[in-house]
Amino acid sequence: MQYLVATYWMWFVVALLMGGAVGYWLPGRQIPEDGIGHLLRWGVPAFLLGLAVAVLHVYPLGDEGDIETVLLPAVCFAIGGLLGRWLRAASSRAELARATLAGNAQVESAVLGARAKAAVRSVQDVAVSAEAKAAGEARLAEATKVAAAKAAAVKAAAAMAAVAKAAEEVRLAAEARTAEQARLAALTKAAEQARLATEAKAAEEARLAAAVNAVQQERLATEAKAAEEARVAALAKTAVTVTETAEDVRPAAETRAAEEARLAAAVNAVQQERLATEAKAAEQARLAAAAKATEDKAAQGPDVAVITAQATAFHPGSRPPGIAAPAEGDDLKRIKGMGPDIEKACNGLGICQFRQIANWTAEEAIWVGHHIGFPGRIEREHWIMQARLLASGGETEHSRAVKSGFVDRKADEPLDPAAAEMLGKSLPEQAAVVDGEDKHPGRRPYGLAAPLGKADNLKRIRGIGPQNESRLHGLGIWHVSQIAAWTDENVKWVGSYLGSSGRIQRDNWVVQARDLAAGKGTESSRRVAAGKVPPPKDDGSLGQDNVQTLK
């Protein structure tokens with residue numbers, strides 16, 4: 001056997017390869033259901049063929065071969081077939097797995113394709129929706145733009161209408177202002193003409209009254225002369241009755257002359273009173289027109305100011321200086337006798353504070369009295385004294401009532417003589433005149449003969465020591481509110497009187513006094529409160545003699 005294998009191994013290998021090729025390339029690509037039964041169908045014929053070849057001796061073995069030599073290739077062929085079929089089965093299973101995988105891949109690819117198509121359709125739907133939304137928004141924006149354009153056009157038309165209306169109103173206001181100015185000018189001219197006519201009438205009536213008076217005086221003189229002549233004639237006729245006749249005629253003549261003189265004086269007084277009443281009425285009418293012109297001056301242009309200045313240029317005395325309206329002026333109605341109308345007239349003159357009225361001179365009081373149409377009223381009703389008291393921080397019964405809200409409907413009317421006299425008696429006494437008062441420049445401030453209650457500590461003002469405090473007491477200066485009301489003229493006079501001109505301004509006495517009157521503290525007031533400033537050595541009751549008591 002070994003010899004055969006060693007000698008014919010190549011044939012055995014060929015048989016094995018042929019069997020493997022036949023087994024591998026059998027019809028059908030899948031393993032049949034009967035397993036390897038078909039291999040026997042191939043193997044048996046092959047075995048039989050080999051057996052036949054061996055029996056018939058047609059193989060190249062010569063005479064010495066035997067059956068084993070033939071059977072061994074058949075066995076190798078069968079083994080090769082089995083190996084080929086096994087390889088074919090393994091290859092089929094791999095192909096089946098690959099086919100399965102390929103099918104699964106196709107299914108997954110189809111699923112993914114379907115999903116991709118769905119996503120594409122969704123994206124397309126979204127794109128279509130976005131396009132539709134964009135188109136809607138575009139249409140909405142276009143509609144909004146059109147509406148905004150229409151609104152802008154309406155607004156522009158309204159603005160143009162408003163501008164036209166404003167221009168028309170301005171034109172009408174200008175025309176009304178021009179008409180009002182013309183009306184006021186005509187009223188002023190008419191008032192001036194009425195005043196001139198009244199003055200001319202008063203002058204003519206005065207002249208006529210003087211002429212009548214002269215005629216009456218002449219008549220009385222003639223009658224007296226005739227009576228005297230008759231008396232002399234009667235005396236010449238009889239010496240006996242001279243004394244009796246003279247004694248009888250002279251009393252009768254004197255009585256008659258006295259009666260006629262009294263009647264003439266009464267007539268003259270009545271005529272003078274009538275003329276004064278008419279002049280006062282004309283002056284009040286003129287002042288009413290001037291006050292109205294002054295009140296409307298800001299809205300009626302410079303022409304009215306000129307007319308007002310012309311209307312106030314005929315008063316006797318001198319006009320007091322005015323100031324620009326301060327942020328907080330005094331309530332001038334707290335002066336008894338001054339009501340809303342007179343306060344308005346004073347404000348129109350720039351008189352807004354008590355200290356201004358307190359510093360009026362006699363000439364200025366006369367001018368203002370004529371300006372308001374009540375000559376002599378300021379002096380009778382003690383306006384200046386009241387203003388001095390109020391400017392010093394004092395109060396009157398009337399000022400307290402007005403301050404509490406009382407409204408006097410008849411405040412602008414003149415006081416009766418009894419009320420004016422009672423008011424003058426109720427005012428505190430003014431400080432006495434000091435020696436050399438007229439030698440100092442400026443104007444002496446209003447002083448009180450005694451403090452209103454308790455006197456203030458004036459040393460709380462820096463620059464006022466015990467000596468200056470005593471000298472101020474001698475001037476009737478007891479309260480910081482009095483110093484707070486000083487004008488520049490008052491400061492000049494007090495500085496000269498104290499012999500320290502300019503010191504009051506340098507130390508700001510007035511500013512410090514105003515702060516103290518308002519409840520604020522100063523450096524000196526804090527030093528006084530701390531006890532670092534000695535108390536006063538006098539109460540000022542002795543006037544200037546107090547200075548002599550100081551060391």
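All conditions in (1) aromatic (Phe, Trp, Tyr); (2) at pLDDT 80 or above; (3) in a loop (DSSP other than H, G, I, E, B) hold for Tyr59, with the sole exception of (2).
Counting residues that are within 43 Å of the chain's Cα centre (by Cα) and under 24 Å from Asp488 (Cα atoms), which helices (runs of 4 or more DSSP H) fully inside the stretch 353-452 reach at least 2?
It comes to 354-358, 362-371, 383-391.
Restrict the check to the stretch 294-308 and report whether at least one residue is modelled with pLDDT of 90 or more, small (Gly, Ala, Ser) and touching an Asp or Glu at 6+ places or on another chain (Cβ under 9 Å).
Checked the stretch 294-308: no residue is modelled with pLDDT of 90 or more, small (Gly, Ala, Ser) and touching an Asp or Glu at 6+ places or on another chain (Cβ under 9 Å).
Does Trp42 qualify as being part of a helix (DSSP H, G or I), in contact with a helix residue (DSSP H, G or I) (Cβ under 9 Å, 6 or more places away or on another chain) and modelled with pLDDT under 65?
Criteria met by Trp42.
If you scan the stretch 498-512, which residues turn out to be within 14 Å of Thr487 (Cα to Cα) and hydrophobic (A, V, I, L, M, F, W, C)? Within the stretch 498-512, Ile504, Trp509, Val510, Val511 meet the criteria. Take the residues in the stretch 486-541 that are modelled with pLDDT under 90 and in contact with a Ser or Thr (Cβ under 8 Å, 6 or more places away or on another chain); name whichever of them is surrounded by the fewest Cβ atoms within 10 Å (Cβ to Cβ). Checked the stretch 486-541; the qualifying residue surrounded by the fewest Cβ atoms within 10 Å (Cβ to Cβ) is Lys537.
On the basis of being hydrophobic (A, V, I, L, M, F, W, C), loosely packed, with under 14 Cβ neighbours inside 10 Å and outside the structural domain of Trp367 (by TED's automatic domain parsing), does Val433 make the cut?
Answer is yes for this residue.
Please enumerate the residues belonging to the stretch 415-444 that are under 20 Å from Leu390 (Cβ atoms) and either among the aliphatic types (A, V, I, L, M) or in contact with an Asp or Glu (Cβ under 9 Å, 6 or more places away or on another chain) (or both). Result: Leu415, Ala419, Ala420, Met422, Leu423, Gly424, Ser426, Leu427, Ala431, Arg443, Arg444.
For the stretch 453-467, the candidate set comprises residues that are among the basic types (Lys, Arg) and outside any helix (DSSP H, G or I); within that set, the residue that is surrounded by the fewest Cβ atoms within 10 Å (Cβ to Cβ) is Lys454. Apart from one condition, Ala176 fits all of (1) modelled with pLDDT of 85 or more; (2) under 30 Å from His370 (Cα atoms); (3) of a type in the set (A, V, I, L, M, F, W, C); the exception is (2). Residues that are β-branched (Val, Ile, Thr) and free of Cβ contacts under 8 Å to residues at least 40 places away in the same chain within the stretch 381-425 comprise Ile384, Val407, listed in sequence order.
The values are calculated or read from the model by the stated rules, or taken from the named source; none is laboratory data. A quick note: this is a predicted structure, and the numbers were derived from the prediction, not measured. Every residue, glycine among them, receives a Cβ derived from its backbone with ideal geometry; neighbour counts consider all protein chains shown.
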